[in-house]
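Working notes, beginning with the structure itself.
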Amino acid sequence: MPVLWLSAVITVLALFGFYFGRRRALQSAGGDSRLLHSLPSYYGSNALMKSVVPAFGLMILWLLAQPLFIENRIAGMIPESEISEGSNVGLVMSEVRRTADGLSNAVAGGFLDEEELQSGGAVLSDLTQRLRDAGQVVTNEISQPILDAAQTYRSMSGTSQLLMTVAVILVALVGAGWGVSESGRDFRARNVVEKGILAILIAAASVAILTTLGIILSLVFNTIEFFSLYPAIEFFTLLEWAPSFSGRGGASSLGIIPLLWGTLYISFVALLVAVPIGLFAAIYLSEYASPRVRGIAKPLLEILAGIPTIVYGLFALLTIGPLLVSVFGKDGLGWMGGGRAVMTAGIAMGIMLIPFVSSLSDDIINAVPQSLRDGSYGLGATRSETIKQVVLPAALPGIVGAILLAASRAIGETMIVVLGAGAAARLSLNPFEAMTTVTAKIVSQLTGDSDFASPEALVAFALGITLFVLTLALNVFALYIVRKYREQYE
Amino acid sequence: MTDASLPSSSENRERVSLMAPDARTQKRKAAERRFRMYGIAGIATGIFFLIVLLVSIVSSGAGAFQQTFITVSVYLDPAKLDKNGNRNLEEISKVSTFGYTPLIQQALFDKVQENGIETPLEKSKDMKALISASAAAQIRDVVISNPDLIGETVDFRILASSRVDGYLKGRVQREDVARDKNIDAEHLDLVDALQPFGIIEKTFNMDFITGADASESRAESAGIGVAMIGSFFMMLVVLVLSLPIGVAASIYLEEFAPKNRWTDLIEVNIANLAAVPSIVFGILGLAVFIQFMHLPQSAPLVGGLVLTLMTLPTIIISTRASLKAVPPSIRDAALGVGASKMQSVFHHVLPLAAPGILTGTIIGLAQALGETAPLLLIGMVGFIASNAPDGIASGLLDPNSAMPAQIYEWAKRADPAFYERAWGGIIILLGFLISMNTIAVILRRRFERRW
């Protein structure tokens, strides 16, 4: 793994830089560190920083840019004839990449001879079979242009790797040398190092922005590509969700409305379970419970929040589903066809949300000033009257915010609906019927064997952006309400 | 008291004691009691759900830790395994598992005859339903690693088939067997008869904890060990990346950030990222790390990167809270004796905040360990994670599964035997989560300082 070795080399160079930078500074002061502007280690750190940061920066940039650059060059090499009907450059490129990887692995494994490959001695038809024998994944018969492209790909990657190694080591050396040469008794090493550290801190804090940017860009670009293959109007207005995987495009109807309906219906059931239970638990915990009861009950409820969602998914599929079927199914009331249904997923999700609602509402109820309660008691109200007529109205905006946050959680939840809600998109009012949600369809559209260029796969990005916007809007709104409410009593 | 004994002055007022509450008071008191009961009911329902959840996990998953084994003495027939009789390893390797299957069936059949058990099953082939498909491979591995055994009779402890296992655990009922083409009632009679001889027995199943996943037809030999290694490498990536980045970001925001637009933007972003659905991070990982950067699919490295981005907000929020808890007097004192701002933070504030940061990090890691949805999108499901990685590089880059992804994979296979494995996997996963959270709580109790 050359990247690993390269990192090790950079580290060693930087450590040398540290040692010599420190020594040079001490020498310039005649060995008396009191004559230096900064502590001796700052001179070393200066050289270390100047070699490590640019070297790693260059390496990361190179690794990001290299595939883009090479692919642009290769894509130009592929003749039109290779791009068959219904295919595109991206698919052919992945074919080239696969072939190149296969060739490299086969050579490394001793199944193929590098020289034989270079001289063109290997017979084309034979090559596919030999790659298969070597345990490499080869989907199609390799054709001559693909083989040429793969070979160019390999040689360009190799050259690029070599260039990168040389450039990165050079940068590390120059940086270390610069840092060492600066070292002297009057050089303000500490100020420079601290500025550098501050820059690193800022960069770390900006990762959050980069992540958001990455999310938005990856969603937006793929969504635009999707809408170029599939009309946006149909996506937002069609009442049917029926992707076809046999034919490309055309035959599929990809309307988001049934999915949104399933999502909202399941979330509604979940809130119907979670809000009353969570709210009453919060009221009891904050207004009635003795410290001892509170100390036991609150952590117990919060265990529910720490359980991974896959557990709730399995619980829905294997415990709640069969239980509901035994009551509402064929042998009971006959409303329910199978174990997977809106109710199944909704109840499991509701259980998951109980601690979410209860601890948020608990905080909010606790934030209501005691003076309001005392005033109410002074007028002769009982505890429950105080809660119902004074505390809850005062806490209402905050509680609404908490419920909205819980709703956004429910809408974005994946594992429970993937396991518990079913796979068929349906517009129905019967809560005992299987429906599917936006998140479940994102998973199913992106985990099949379909290629990423088809509208059936790209639709997942359009679904993703809808989900992202929906949850973000709910969150921003809810946080706004909660903050507004907090300010009221501060 | 005295009032109560006096006759009422008012005509319309009933003669009631003040000690006895009137109807309206009674109503109000009843409402009070009722309201209180609602609260108790709320808490009780929540705790009831928790108990049901835990009970169903333990009762359904405990079976995965036990497995049914059959003890047989297999005669390794030279005529079948080494036709030329020269013990040439290459020739022996050519005999596939199909060559071994009849030997095992014969061995079990002999055992049945030997012990004089009456059974309508008259052919050794009928034993097939009792024996796991992985038994032949197990014996073949032993023979290949030690060819001198050929010609001898060797005792083996082989896996029973998943139906037999299910029968002994009560998962497979006799009524179900009628519709099952893999096993008949006669087989179950035989299992009952073999049990007293100790030939078929149920013991602790270490292979479930350490072993690899197995194909769909061999639930009895599936284990979660390889997925555990995958999870371990993912957590390694998350720890190595999210701890330094998270701490650096928090130090900047808490100690150095000026009040400007850029800082506001970062703050808003962190708050929002904490609430983005996890599946969206999966889409990000798929689009950026796999489609754009061409990192290998299903690799724990990619999983770790995605989970890092997901955990960062959690770690940043808790780190900032513990930095904020360090009183300003510490900073002032450091500045007062001539430290620079950077020195005061790194030499004084950060060490004092370390326990809090550590606690937050462990909780963030626990959250990441249980996360499944993003892993589905970067391809950590849908294949059989059968090979344990043999080094750090292969551990990071070779396709592997992760514990929650493996559980999902099993849940998808729609076979009660795999459901049992899934519940068992959940017990192990929860074991990890509970121990991580316990460590976090202990750390907090032990090192938390109140200023």
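Within region B:344-386, track down each residue that is within 13 Å of chain A (Cβ to nearest Cβ), more than 17 Å from B:ALA440 (Cα to Cα) and in contact with a Pro (Cβ under 9 Å, 6 or more places away or on another chain). Can you show your working first?
Taking region B:344-386 first, the residues within 13 Å of chain A (Cβ to nearest Cβ) are B:344-347, B:350, B:362-383.
Next cut, more than 17 Å from B:ALA440 (Cα to Cα) only: B:344-347, B:350, B:371-383.
Listed by number, the residues that qualify are B:GLU371, B:THR372, B:ALA373, B:LEU375, B:GLY379, B:MET380, B:PHE383.
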Report task. Please work out which residue is farthest from the chain's Cα centre (by Cα), limiting yourself to region B:193-231 and to residues that are of a type in the set (Ser, Thr, Tyr) and in a loop (DSSP other than H, G, I, E, B). Result -> B:SER217
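Take the residues in region A:327-338 that are free of Cβ contacts under 8 Å to residues at least 40 places away in the same chain and among the hydrophobic types (A, V, I, L, M, F, W, C); name whichever of them is farthest from the other protein chains (Cβ to nearest Cβ).
Here is the first cut: in region A:327-338, the ones free of Cβ contacts under 8 Å to residues at least 40 places away in the same chain are A:327, A:329-334.
From the residues that got through so far, the ones that are among the hydrophobic types (A, V, I, L, M, F, W, C) too are A:327, A:333.
Numbers: A:VAL327: 15, A:LEU333: 22 Å.
In this case the residue turns out to be A:LEU333.
Looking only at residues in region A:388-401 that are within 13 Å of another protein chain (Cβ to nearest Cβ) and either among the hydrophobic types (A, V, I, L, M, F, W, C) or under 17 Å from A:ILE256 (Cα atoms) (or both), which one is farthest from the chain's Cα centre (by Cα)?
This residue is A:VAL391.
Could you pull out the residue among B:ALA417, B:ALA334, B:ALA411, B:ALA393 that is without any contact (Cβ under 8 Å) to a residue 60 or more places away in the chain, of a type in the set (Gly, Ala, Ser), in a helix (DSSP H, G or I) and away from chain A (no Cβ under 11 Å)?
On the way: B:ALA417 fails: without any contact (Cβ under 8 Å) to a residue 60 or more places away in the chain; B:ALA411 fails: away from chain A (no Cβ under 11 Å); B:ALA393 fails: away from chain A (no Cβ under 11 Å).
Just a single option satisfies the conditions, and that option is B:ALA334.
Would you mind finding the one in A:GLY313, A:GLY306 that is closer than 22 Å to B:SER435 by Cα and among the small types (Gly, Ala, Ser)? Working first, answer last.
On the way: A:GLY313 fails: closer than 22 Å to B:SER435 by Cα.
Criteria check complete, one pass: A:GLY306.
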Query raised in the report: Could we say that A:TRP62 is at pLDDT 80 or above, aromatic (Phe, Trp, Tyr), surrounded by fewer than 16 Cβ atoms within 10 Å (Cβ to Cβ) and part of a helix (DSSP H, G or I) here?
Result: no
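One line per residue, one yes/no per condition, for (1) aliphatic (A, V, I, L, M); (2) more than 23 Å from the chain's Cα centre (by Cα); (3) more than 10 Å from every other protein chain (Cβ to nearest Cβ):
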position	(1), (2), (3)
B:PRO244	no, yes, no
B:ALA249	yes, yes, no
B:TYR252	no, yes, no
B:PRO258	no, yes, yes
B:GLU267	no, yes, no
B:SER278	no, no, no
B:GLN291	no, yes, no
B:HIS294	no, yes, no
B:VAL306	yes, no, yes
**Report entry** Output for region B:66-102, where each listed residue is of a type in the set (A, V, I, L, M, F, W, C) and surrounded by fewer than 16 Cβ atoms within 10 Å (Cβ to Cβ)
**Finding:** B:ALA79, B:LEU89, B:PHE98
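Within region B:146-163, track down each residue that is within 30 Å of B:PRO78 (Cβ to Cβ) and either part of a helix (DSSP H, G or I) or touching a strand residue (DSSP E or B) at 6+ places or on another chain (Cβ under 7 Å) (or both). So that I can check it myself, show each step before the final result.
Of region B:146-163, the ones within 30 Å of B:PRO78 (Cβ to Cβ) are B:146-161.
Scanning region B:146-163 gives B:PRO147, B:ASP148, B:LEU149, B:THR153, B:VAL154, B:ASP155, B:PHE156, B:ARG157, B:ILE158, B:LEU159, B:ALA160, B:SER161.
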Query raised in the report: Within the bounds of region A:339-355, is there any residue that is within 9 Å of chain B (Cβ to nearest Cβ), out of contact with any Phe, Trp or Tyr (no Cβ under 8 Å at 6 or more places or on another chain) and under 18 Å from B:ILE407 (Cα atoms)?
Result: no
Report summary line: With criteria (1) closer than 30 Å to A:ILE320 by Cα; (2) crowded, with 19+ Cβ neighbours inside 10 Å, A:ASN430 comes up short on (2)
Query - Pick from region B:437-451, criterion surrounded by fewer than 19 Cβ atoms within 10 Å (Cβ to Cβ) and within 12 Å of chain A (Cβ to nearest Cβ), ranking: modelled with the lowest pLDDT - result: B:VAL441
Query raised in the report: Considering B:LYS341, B:LYS412, which residue is among the basic types (Lys, Arg) and under 19 Å from the mean Cα position of the chain (by Cα)?
Result: B:LYS412
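The values are calculated or read from the model by the stated rules, or taken from the named source; none is laboratory data. Because the structure is a prediction, the values reported are computed rather than measured. Cβ sites come from the backbone with ideal geometry, for glycine too, and all protein chains shown count toward neighbours.
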